[in-house]
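The values are calculated or read from the model by the stated rules, or taken from the named source; none is laboratory data. Everything quoted here is computed from the prediction, not taken from an experiment. Reconstructed Cβ throughout: ideal geometry from the backbone, glycine too, with neighbour counts over all protein chains shown. When the accessible area is computed, the model is the full protein with side chains, heavy atoms only, and any ligands, DNA or RNA have been set aside. Shrake-Rupley method; radii C 1.70, N 1.55, O 1.52, S 1.80 Å.
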Amino acid sequence: MRYKDFGTTGLKVSAIGVGTWGVGGRGWGGSDREGSIQALRAMFDAGVNLVDTAPAYNRGLAEEITGEAIQGIRDKVIITTKCGMNIDKPGWAVKTATWDEVIRGCEGSLMRMGLDYVDVLLLHWPDEKTPLQESIEAMAHLKKQGKVRFIGVSNLDAEKMEEVRKYADVDVTQLPLSMVDRSADSSLRWAGAHGMATMTYGSLGAGILSGAIREHKEFDEDDVRGRFYSFFREPEFSKVMELLKSMDKIAEKRGVPVSQIATNWVVQKEYVHTALIGVRTVEHANDNCAALSWELTGDELAYLDAEIDRLLR
């Protein structure tokens, strides 16, 4: 396992972390609680020391599963969760990042995971109806209470990150980055340059970069792949399939799954401290961690970047 300095937090973080959106199950074909716990523990056993979760991942179920998976190893795992999403109303979680909602949300997370504190609390999404200052100052209050060690933001661009750092010490950011989604690349670079710890999500493109899906399909209305990710829809889907063929060439030469190509493409970027990878089986956990046993060469990276520019620009 490779480790990096986690911004200026003083923590050492594994180059990949565990993302638990899929563990929650909703929108991902259901949840296998025991299988997910085994998969998470396999990642920890291989040296992964960060797990990222959120109340919005199936109304707290992912947090409950995370809490079970870390029993006995709490002091060895960096735990990040999120706030600012109301999970009490019917349907999908609703952005609500008022002072009271942030406080209540964090306390709910601690209860579900059986914890006294979390290492990192992130604002999940900006709430357009609530000033960012109110949300961030509520998080800072939780930090003063000892319920949070570090605070951060997710899904904010560089301009907004610069703003929130006026209200409190905001040490961590989480943004999407993968070979099929470079929309937040400049914001991640900004964060890294300003000493913030950086986490990427969607690092395998919601699974499309695993190579497991090679034919276009229509997902159920509730499936997040069809709703949240444009590259599962045409015309982007066909372009990604061409990119996979380019990745296949390197994978075949090296004798590795294409998912490991996608993982290394992200983690080898100096401004990325940890890339979140979803996991639901022990087999997936082993594949994920094996990606850290080798690196792409400069020529391979240049070839992949040229293919991404050619196909997806």
Being over 22 Å from the mean Cα position of the chain (by Cα) and farther than 15 Å from Ile79 by Cβ is the filter here, so list the residues in the range 103-139 that pass it. Ile103, Arg104, Glu128, Lys129, Thr130, Pro131, Gln133, Glu134, Glu137, Ala138
If we scan the range 191-210, do we find a residue that is in contact with a strand residue (DSSP E or B) (Cβ under 8 Å, 6 or more places away or on another chain), over 20 Å from Phe6 (Cβ atoms) and of a type in the set (Ser, Thr, Tyr)? no
Lone qualifier among Leu115, Leu110, Leu121 - being outside any helix (DSSP H, G or I), at pLDDT 95 or above and surrounded by fewer than 24 Cβ atoms within 10 Å (Cβ to Cβ): Leu115
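The rows are residues; the columns are (1) open to solvent by 10 Å² or more (accessible area, probe 1.4 Å); (2) closer than 19 Å to Ser203 by Cα; (3) at pLDDT 95 or above.
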position	(1), (2), (3)
Ser14	no, yes, yes
Gly17	no, yes, yes
Trp28	yes, yes, no
Asp52	no, yes, yes
Asn58	yes, no, no
Ile65	no, no, no
Any idea which of (1) at pLDDT 95 or above; (2) more than 19 Å from Thr173 (Cα to Cα) is the one Ile37 doesn't satisfy? (1)
Those residues that are open to solvent by less than 40 Å² (accessible area, probe 1.4 Å) and farther than 20 Å from Asp248 by Cα, I need them from the range 278-313; list them, please. Val279, Ala285
Filtering the range 68-82 down to residues that are in contact with a strand residue (DSSP E or B) (Cβ under 8 Å, 6 or more places away or on another chain) and either free of Cβ contacts under 8 Å to residues at least 40 places away in the same chain or of a type outside the set (Val, Ile, Thr) (or both), which residue is farthest from Leu175 (Cα to Cα)? Ala69
Go through (1) at pLDDT below 95; (2) surrounded by fewer than 20 Cβ atoms within 10 Å (Cβ to Cβ); (3) under 27 Å from Val267 (Cβ atoms) one by one and return the number of the condition Lys129 breaks. (3)
Can you tell me how many residues within the range 152-167 are open to solvent by 20 Å² or more (accessible area, probe 1.4 Å) and in a loop (DSSP other than H, G, I, E, B)? 5
Report the residue count in the range 260-295 for those that are modelled with pLDDT of 95 or more, closer than 21 Å to Met241 by Cβ and more than 16 Å from the chain's Cα centre (by Cα). 2
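Residue-wise test of (1) in a strand (DSSP E or B); (2) farther than 30 Å from His194 by Cβ; (3) not hydrophobic (A, V, I, L, M, F, W, C).
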| position | (1), (2), (3) |
| --- | --- |
| Lys249 | no, yes, yes |
| Val272 | no, no, no |
| His284 | no, yes, yes |
| Asn288 | no, no, yes |
Please work out which residue is modelled with the lowest pLDDT, limiting yourself to the range 296-313 and to residues that are in a helix (DSSP H, G or I) and among the hydrophobic types (A, V, I, L, M, F, W, C). Leu312
Residues located in the range 106-143, provided they are touching a Leu at 6+ places or on another chain (Cβ under 9 Å) and of a type in the set (Gly, Ala, Ser): Ser109, Ser135
Scan the range 157-186 and report the pairs whose first residue is free of Cβ contacts under 8 Å to residues at least 60 places away in the same chain and under 22 Å from Asp119 (Cα atoms) and whose second residue is in a helix (DSSP H, G or I) and of a type in the set (Lys, Arg), with Cβ atoms within less than 6 Å and a gap of 6+ or a chain change. none
